[in-house]
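Working notes for the structure below.
Derivation of every value follows stated rules applied to the coordinates shown; laboratory data play no part. Model, not experiment: these values are computed from the prediction. Positions of Cβ are backbone-derived with ideal geometry, glycine not excepted, and every protein chain shown enters the neighbour counts.
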Amino acid sequence: MVESSARLRQVRITPQKARRVVDLIRGKQAAEALAILKFSPQAAATPVYKLLASAMANAKVKADAANTYLDEQDLFVARAFVDEGTTLKRFRPRAQGRAFRINKRTSHITVVLATPEETSAPAAAQKKARNR
């Protein structure tokens, strides 16, 4: 099982909006996920698209370094999640000398691609026996 990941940090998109986009691709085949992101109207789809393409390139480089064959059609999104980054705090002037705080949130987005592992019957039986 080949696994590769890509991380995008401090992207200026709120985590809530980024999670909506990441939820669309979780568990999907990588090529299908790229197509979904390409036609998604959300603004967060563009950085997630680039991140997924980067993870696919990382998988290819990792396979070349290990001298193994990698079919890009086998890659799927094993894990994809969004963590909250730092919050930029800004102030907006309001009536009667007051000021309201505006939070400009950032996100850390992580995408992990993997190839499906070929499970044989004896290995699956051993795993089942361990879980009992």
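Summary table below
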{"quantity": "All positions within the range 66-92 that are among the hydrophobic types (A, V, I, L, M, F, W, C) and either surrounded by 11 or more Cβ atoms within 10 Å (Cβ to Cβ) or part of a strand (DSSP E or B) (or both)", "calculated": "70, 75, 76, 77, 78, 80, 81, 82, 88, 91"}
{"quantity": "Count of residues meeting criterion [touching a residue at least 40 places away in the same chain (Cβ under 8 Å) and more than 21 Å from residue 5 (Cβ to Cβ)] in the range 49-107", "calculated": "3"}
{"quantity": "Among residues of the range 16-50, those that are of a type outside the set (Phe, Trp, Tyr), closer than 23 Å to residue 84 by Cα and not in a loop (DSSP other than H, G, I, E, B), counted", "calculated": "17"}
